[in-house]
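The values are calculated or read from the model by the stated rules, or taken from the named source; none is laboratory data. Remember, it's a predicted structure, so these values are computed and weren't measured experimentally. Reconstructed Cβ throughout: ideal geometry from the backbone, glycine too, with neighbour counts over all protein chains shown. Just so you know, the surface numbers come from the protein's heavy atoms only, side chains and all, with ligands and any DNA or RNA stripped out. Shrake-Rupley method; radii C 1.70, N 1.55, O 1.52, S 1.80 Å.
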Amino acid sequence: MAQAMAAPSEPATLKRPFVSDGLAGESNGSVVADEKPKARRRESDPAAALAAARHEFGEHGGVNMSIEASATFTVMEPDTMRRLFAGELGPDRGDMYIYSRHFNPTVLALGRQMAALEGTEAAYCTASGMSAISSVLMQLVGAGGHVVASRCLYGGTHALLSRFLPRAAGVRATFVDADDEAAVRAAVEPGRTRVVYVETMSNPTLAVADIPMLARVAHEAGAKLVVDNTFTPVVVSPARLGADVVVHSVSKFISGGADIIAGAICGPASLVNAMMDLQEGALMLLGPTMNAKVAFELSERLPHLPLRMQEHSRRALAFAERMQRLGLRVLYPGLPDHPHHARLAAAANPGYGSGGMLCVDMLTEDRANRLMHHLQNTTQFGLMAVSLGYYETLMSCSGSSTSSEMPPEDRARAGISPGLVRMSVGYNGTLEQRWAQLERALELMAHTPSHHLNLKAAAAAAADRDAGTDATGNTHRRH
């Protein structure tokens, strides 16, 4: 919440809970959205930082925090309400709350965990990853502003920057090769560029951003560097490399269960407080509020995220190395021949590998579809599905799915081949069991003509409609 109720001629604000803890420099809690972030002086290893974060106990002494499911909060005396709105009381002053769209104790506790994970001063958790991204951009860029963005982004983010924000707010975006410093500098418009936007590891091509270089270019232009770290939580800490704001689709690796939609914004307290301003805050006024029950679920999963990421990375590297030896075109930053292998090795937190995402380029969509058909329906290696970070391997042909919002010419410029299969490598089953399934699928694909595959798929679909089950005996609706 913000400062005391202002004079009638000034915006009314509420006292805010995100203030400096002394580790990141002093803060008076004022709304200064363009203030340079100050990295916390604390554990540099994300697992250690999570362990050192404040532990919330339950209302009756339970080892797990309680779920505060209330939308609104009562007070004992009428004057207390006035003091809450005047900023004399709040989450940080008397542990008092007003309304859960503003702040909720359970969601606030998850925010502290996310700030610890990313090494930022504060964090706010939202209802989805796209709500986190759109809220940050609307807050930082403003009407008529300009964004320099990587030309290879998640399709939804690309559509937000190329279609929605230009129509809704007059925002313009210039898409560039984010690996080319000269191109990034040339795209910056002095006095108009507010944000440089990239993904730590691009979706789906797995290019690794040079965050220190991009931060330098952005800050020299008076802009903010916003980094989407969805693919590499724990593996990379963008804020420690110079990023001003880190956003996440928490639905992915952080959740790990493919059962939750959520997002997070990690950055300086001044930004999060500004986004919660009653008059001008994107979070407060757009209302992408996380449910307290979702926040509780996620808080229970964060402590074992480092262990999960280690296993995702271990298996992804093993599969990448073995597929490459078979002659397949594999994209994985953990491979020595990846163009950004050394960059990731220098930027990554030690001990967590190179992430759980890999791509295999089958050159054509037909070949990609044949491979995925056998991987799911014949050998049960994984599942054809979008999203990532699940304990089962998920796979999709990016050009016709998660990057389909991009025009074909933009996909070509971004290096997204029609046959690019993106895999989120899971850790269910044993590594050797899964490798045998993958190897068998490759053998079958080599001997199965595409027209025969289509006939088999049609027959299988008809049989499933009659029986209501798949080939493994499980009830499964085919898509």
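Descriptive notes on the structure:
- Exposure rank, largest accessible area first [K224, K293; 1.4 Å]: K293, K224
- A Cα-only calculation for region 182-223 places Rg and Dmax at 10.9, 32 Å.
- Note on region 162-176 and region 309-339: Cα centroid distance 36 Å, given to the nearest whole angstrom.
- Contact order relative to length of region 112-230, as percent, for alpha carbon pairs under 8 angstrom and 6 or more apart: 24
- Heavy atoms of S270: accessible area, 1.4 Å probe, square angstrom to 10: 10
- Ranked order, R192, R343 - accessible area, probe 1.4 Å, largest first: R192, R343
- Sparsely packed loop sites in region 174-270 (the GluC sites (Glu not before Pro) outside DSSP H, G, I, E and B with at most 10 other Cβ atoms within 10 Å) do not occur.
- Surface/4 estimate of mean projected area, convex hull on alpha-carbon atoms of region 221-323, nm²: 8.9
- Extension gain from T74 to Y99, taking 0.36 nm per residue of separation minus the Cα-Cα distance: 8.1 nm
- The largest accessible area among Y427, Y391 belongs to the first residue in Y391, Y427, and the rest follow in falling order (1.4 Å probe, all chains).
- Placing a pseudo-label 7 Å from each Cα along the Cα-to-Cβ vector at M81 and E365 gives an inter-label distance of 5.8 nm.
- The T378 and F57 beta-carbon pair, evaluated with R₀ = 45 Å, returns a calculated FRET efficiency of approximately 0.35.
- Packing rank of 367-380, 159-172, where each peptide gets the mean count of other beta carbons within 10 Å, highest leading: 367-380, 159-172
- Spin-label pair R163/E311, simplified geometry with 7 Å Cα→Cβ offset, distance in nm: 3.8
- Nearest-0.05 FRET efficiency for A143 and R325, computed from C-beta distance (R0 51 Å): 0.45
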